[in-house]
Amino acid sequence: MLLRMLLFAWIAASLIAGFLWAPLVPVLGDTTRVFYFHFPAALLTCVAFGWSMLHSVLYLARRDLGHDAQAAGAAELGLLFCVVATLSGSLWAKAMWGSYWNWDPRETSIFFLMLIYGAYLALRSALDGEARRARLAAIYSCVAFVAVPFLIFVVPRLYFSLHPEPVLNARGKPDIDPRILLAAAAMFVGETGLFAWMLALRVRVARLARAREVA
Amino acid sequence: MPSASSSSAAAVWAILRKECRSEWRTRYGLNAALLFAIATLTAVSFAVGRLGDRPDLLAALLWIVLLFASLAALAHTFVREVEGHTLTLLRLTASPTSIALGKLLFNLLFLAVIELVAVPLDLVLLGGPPLHWGRFLAVLALGSVALAATATLVGAIIAQTRGRGALFAAVSLPVLLPVLAGAVSGTRAQWSGAPVGAELRLLAAYGAAMLGMSLLLYDHLWEE
């Protein structure tokens, strides 16, 4: 309980820091603030999907349904953060590029990620029997594991991007004000805590549901 | 446990022959895919006329027609076994890997037949600048391998779901998008005379990665 209060206080504090303490980037103006939602959510999407894949592989190796609950929960939550990142990015694109969506490579890759994990969850809903569902979903997750690097790193290279450079640019040092970076990093830490808490809940619910089925 | 010999080339060859024979008995998948390709091409060509000066559109249309015409049939090799209740018997006679490789080879052959009809028809109906044959065939071949490797594996998963066919397109398209992107980009590039090395590498790497992943995963596919 205390931990949860601390978590919410931390997220609130990082948001306030982002809005009041960190400066605005000259050209971007007020749209700088989208960064505090967009960047941590996008990073967390990768963490969540990576976590899901890791547990899918672990499930295939060890056949422990706990890994399956982790994989499914992380995929659901990752999709949630993916939607946050996409929507916030789209709003920012409307303000800066003049349209909500124009198939910029970054938009394309995150859209593909949403499609893949939407398909993963649709597949789960169509499989009967928890062992079979866990096994086949884990196999699909491994297939996605092959596709995702291509979708994120290779396919976008075929096109030209307008997306701002990654935080660490080619010269290896951050271009933006350290205060902005600190606020975004704090937000990321807070959201990671949120993710861990929600995932733990989701895994516990799955375990209880399984226990009730067995009983 | 399947013996070492059952995953040998002989078993793969036997599965391939069995697939060809059972497909040839009904020709259900072949007829459906060919008619789908022809119907789509006719509809597109009727709706937009000749697109000789738009290689970008031509490349996209060609691959979309190929993709959708072949998709349903590529999953069919496994769905047929489940619906005919023959999968258990098949698994008794061969190892998962040789079943998978046999079906993959069959799907490749199947794709080649579809392409043999659909590609010339597409070029005739929609027009287009002259082809650079070497590059075009390389893109077509590597694209087909990547497409078949991916669709065969996803088809094996899908065959075990409720409502099999309905989900296949939704589940396989996201993982086929790199293939589609690479193949369309390569086809477009060869029409404008540009090099297609990057696209060929993308398709080859994707096909190889998917094939490697398949070999690792097929042992986990059937357990009950």
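Observations on the structure shown:
- Only one of A:156, A:149 that is under 18 Å from the mean Cα position of the chain (by Cα) and either surrounded by fewer than 21 Cβ atoms within 10 Å (Cβ to Cβ) or more than 9 Å from chain B (Cβ to nearest Cβ) (or both): A:149
- Being touching a Pro at 6+ places or on another chain (Cβ under 6 Å), open to solvent by 60 Å² or more (accessible area, probe 1.4 Å) and modelled with pLDDT of 85 or more is a property that residue A:91 lacks.
- Verdict on residue B:141 being of a type in the set (A, V, I, L, M, F, W, C) and touching a Lys or Arg at 6+ places or on another chain (Cβ under 8 Å): no
- Some residue of the stretch B:167-184 being modelled with pLDDT under 90, open to solvent by 10 Å² or more (accessible area, probe 1.4 Å), in a helix (DSSP H, G or I) and over 26 Å from residue B:78 (Cα atoms): yes
- Odd one out for residue B:73, checked against (1) crowded, with 21+ Cβ neighbours inside 10 Å; (2) touching a residue at least 60 places away in the same chain (Cβ under 8 Å); (3) among the hydrophobic types (A, V, I, L, M, F, W, C): (2)
- Hits in the stretch B:24-61 (condition: open to solvent by less than 60 Å² (accessible area, probe 1.4 Å), modelled with pLDDT under 85 and within 17 Å of the chain's Cα centre (by Cα)): B:29
- If you filter the stretch A:129-146 down to residues that are more than 10 Å from chain B (Cβ to nearest Cβ) and at pLDDT 90 or above, you find that the one that is surrounded by the fewest Cβ atoms within 10 Å (Cβ to Cβ) is A:134.
- Taken over the stretch B:185-208, residues that are in a helix (DSSP H, G or I), touching a residue at least 60 places away in the same chain (Cβ under 8 Å), among the aliphatic types (A, V, I, L, M) and open to solvent by less than 30 Å² (accessible area, probe 1.4 Å) amount to 1.
- Some residue of the stretch B:22-36 being without any contact (Cβ under 8 Å) to a residue 12 or more places away in the chain and not in a helix (DSSP H, G or I): yes
- So residue B:211, is it among the hydrophobic types (A, V, I, L, M, F, W, C), open to solvent by 10 Å² or more (accessible area, probe 1.4 Å), facing chain A (nearest Cβ under 8 Å) and under 29 Å from residue B:92 (Cα atoms): no
- Residues that are among the basic types (Lys, Arg) and surrounded by fewer than 16 Cβ atoms within 10 Å (Cβ to Cβ) occur at least once in the stretch A:52-69.
- Qualifying residue in the stretch A:29-42 (condition: closer than 18 Å to residue A:197 by Cβ and surrounded by 15 or more Cβ atoms within 10 Å (Cβ to Cβ)): yes
- All of A:99, A:52 fail the test of being more than 14 Å from chain B (Cβ to nearest Cβ), over 19 Å from the mean Cα position of the chain (by Cα) and hydroxyl-bearing (Ser, Thr, Tyr), apart from A:99.
- Against the test of being over 22 Å from residue A:82 (Cα atoms) and without any contact (Cβ under 8 Å) to a residue 40 or more places away in the chain, the options A:207, A:212 yield a single qualifying residue, A:212.
The values are calculated or read from the model by the stated rules, or taken from the named source; none is laboratory data. Bear in mind the structure is a predicted one, so any value in this text is a computation, not a measurement. Cβ sites come from the backbone with ideal geometry, for glycine too, and all protein chains shown count toward neighbours. When the accessible area is computed, the model is the full protein with side chains, heavy atoms only, and any ligands, DNA or RNA have been set aside. Shrake-Rupley method; radii C 1.70, N 1.55, O 1.52, S 1.80 Å.
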